Amino acid sequence: MTAFAIQTHSLVKTFGLGRKQISAVDGLSLHVPEGSVYGLLGRNSAGKTTTIRMAMGLARPTSGTIDVFGLNPTRDPERVSVLRQVGYVPEDKMLASLSPRKLLELNRSFYPGTWSDDLARKVIKRLELPLDTPYMKLSLGDKTKSALAAAIAQCSRLLILDEPTTGLDPIALDELLRLLVEDCTAEGRTIFLSSHQLAEIEQIADHIGIMDRGKILLEGPLDDIRANFHRFTVTGASLPAGGAAILSATRDAHATRYIIQRDPESFSHELICNGATILDSNPMSLNEIFLELCRTAESREEVSA
Amino acid sequence: MNRTASLHAILIVSALTILPPILFGIWIVIREKRKAAALEAAAPSFSPQAPATPSVRSKSGAFFFRSFDAPQRVYLRRQRLVLACGLLLTWIFFVYFSSGLMSQYVSAYAGQQPLALRVWYSYLFHISNGAATHGIFAFGAAALAAGELGPASAVGRFRRTRPLSRSFLFWIRIGSVLSALIFSLVLAAGASFILLLMLYGPVWKHLDHGAQPTAALIANARSQPGPTVDDILESSRSGAGHFTWALQTSIPRLFLSIITTQSFFFTLVILLATLPIGSGRKKITFVAVSVYVFFMLYIIFIVVGSGVSPELARICFLYVRPGPPPPYIFALVPVMGSAALLGLASNFSNRNDG
């Protein structure tokens, strides 16, 4: 049985009252396996940060449940147990308004059992973090690096990174991704990171969750997702109009374009059996999958509205 | 009062008022220079000297810290910053409490009365009359404490995502700032009292010197047409009222009233800051407007209302001018009120994560 670092069931978070009520998270069910590098993808205002805030005990769910290592992060003393096991980089990277050295020293004293000075030094060196620059003079990228160094050197069981690449230059970004893979996934540790920068996530994540408008559109191992999503361009007389495997079908004058989300080989076999001609068949990149899922969800919502 | 004593009083009070901030400024400059020099000399790498677990040096420290885990100790140690604010408040309150000892204020009251009475009355009047001013500092201290409580600020979010329970964060933060406020009031009161002794000696022991001229004034009023006894007591020129009020005033209750009132103000702001109403700028505006309205009502009450309804002022243990003190038992009213407000604030703070 898979153990989950983070698990949510029908999680709902609303803000405001009456007509002004906004659903930031709307019935979210998420499963982050322990030991995975899980990328939570979504557009702006998809509900990623709100979900992370609930996992960190910074926001309370309106309904539904969220567990971190089987513990409820919204209720003390379980919340304290959760926070002992979690390193966190917030979306705005504003942590304690201290110089990087002071932030690291302070954070080190909060986690004496797990903190690694060697790892801290490694992150500082690899990310070229200026240790003694006052907080007010730090660039956004340096604030990001500072928050990342503090969280990574904690060596926590779970590392939660909310948009961890904000402000990083390509070299620092590359170093960060390598650091995460090389040093943060040892001993079954879990990384949960949110982003809308798909290319970066695709490089390191082994599990993906795609969120839109507070709901999860797709979740699973990245390899499975890549293997399942396929684009077919087809001509023929009796083509299927819909089905469980078909995410979308677009007809134009010459051909029909299918986006398949499950078992592309069976679908291709079925097409051939029905006398169709497959003009083109391609696997899809994560970016294409993401765009297609978001567009389909949007058009379905418009139709239902 | 002879000119030399007057000059001494002016010099000492002025020196005590001006010197601390100058010395503090010099200390800050030296500290910053040392820091800059240390940074230049330091290796650019991360090599912290202190052990990761906060060490406890003294026996009393060990006794105090033994029931706390490492993150809690770190948070407790971070409260040392509150000490600096406490020292600043002590100095401000001390300046305020001692202002009545300045010779120009002492001379302003009842020239017919002896020096001891004038000094004592001036001292009491300036302490009691500063209730509104003290309130501003209580509000400031509360803002300092409340700023770190919620997850809205960077510091607050950092604390809230470390392994510390919400109630621990609330009570340690509130406890340390409120203690600093109370201790600064007590220290300032003690220091101003010592200054009074240094400058004028135990003046309260010589108040009977004022009995004779006051008795003569009252007897005169009774025997001759003209101003009544009440007129004489109310007249600041005669000093008869000052004499009576100075004799009736209880200095422990005067200071206790300041402490209980300021603690109530402090807890009120904490409650407002933790109420689950809005967030960000909206919340700050709500708290600021509420505090402003409350403060204006309070000032109106102490200026007008306490004269109109002295019984209400007594029940609330508001002692805002020299005269008969409220009974000690009424001190429980603001104390219980503060405790209730803190209890509510703690409840809201524990649930106030958005």
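Under 5 Å from the amide H of A:Ile208 lie the amide H atoms of A:Gly39, A:Gly220, A:Leu222, each residue being 5 or more positions distant or on a separate chain, with H modelled from the backbone and absent for Pro and chain starts. The calculated FRET efficiency for A:Ser10 paired with A:Ser281, based on their beta-carbon distance and R0 = 51 Å, is about 0.85.
DSSP assigns beta bridges within the range A:108-246; of those with both partners inside it, close to 55 percent run antiparallel. Across the range A:156-163, coupling constants 3J(HN,Hα) worked out from phi with the 6.51/-1.76/1.60 Karplus curve, θ = phi - 60°, read 6, 5, 9, 10, 10, 10, 9, 6 Hz, and Gly and Pro carry x. Using a cutoff of 8 angstrom between alpha carbon atoms and counting only pairs six or more residues apart, the relative contact order for the range B:72-194 works out to 39 percent. Rounded to the nearest 500, the helix-only mean residue ellipticity at 222 nm of the protein assembly as shown stands at -17500 deg cm²/dmol, with each DSSP H run of n ≥ 4 adding -39,500 (n - 2.57).
Take every Cα pair under 8 Å whose residues are at least 6 apart in sequence, average their separation, divide by the length of chain A, and the relative contact order is 19 percent.
Stretched out straight at 0.36 nm per residue, the stretch from A:Gln197 to A:Val181 would grow longer than its current Cα-Cα span by 4.0 nm.
Taking 16 Å as the straight-line reach from the Cα of A:Lys122, the aspartates and glutamates in range (excluding those fewer than 8 positions away in the same chain) are A:Glu105, A:Asp142, A:Asp174, A:Glu175, A:Glu182, A:Asp183. Take the alpha carbon atoms of the range A:1-48, find their center, do the same for the range A:196-249, and report the distance between the two centers in whole angstrom. Distance between centres, Cα-based: 19 Å. When the C-alpha to C-alpha distance is required to be over 32 Å, the pairs from A:Lys137/B:Lys282; A:Lys20/A:Lys143; A:Lys145/B:Lys33 that qualify are A:Lys20/A:Lys143. A Förster distance of 56 Å, applied to the separation of the beta-carbon atoms of A:Asp252 and B:Ala36, puts the FRET efficiency at 0.20. For chain A, the longest principal axis of the C-alpha atoms and the axis of helix A:117-127 are separated by about 60°. Normalised by the number of residues in the range A:225-304, the mean separation of alpha-carbon contacts (under 8 Å, six or more apart) gives a relative contact order of 39 percent. Classify the range A:1-96 from the C-alpha gyration tensor, please: rounded if a/c falls under 1.5, else prolate or oblate depending on whether a/b exceeds b/c. It is rounded, given that a/c, with a ≥ b ≥ c, falls under 1.5. In plain terms, the residue of B:Ile277, B:Ile172 with the fewest other Cβ atoms within 10 Å comes first and the most crowded comes last, giving B:Ile277, B:Ile172.
The numbers here are math on the coordinates, done by the rules we state, and not lab data. Every value quoted in this text rests on a predicted model; they were computed, and no experiment measured them. All Cβ positions, glycine included, derive from the backbone under ideal geometry; neighbour counts span all protein chains shown.
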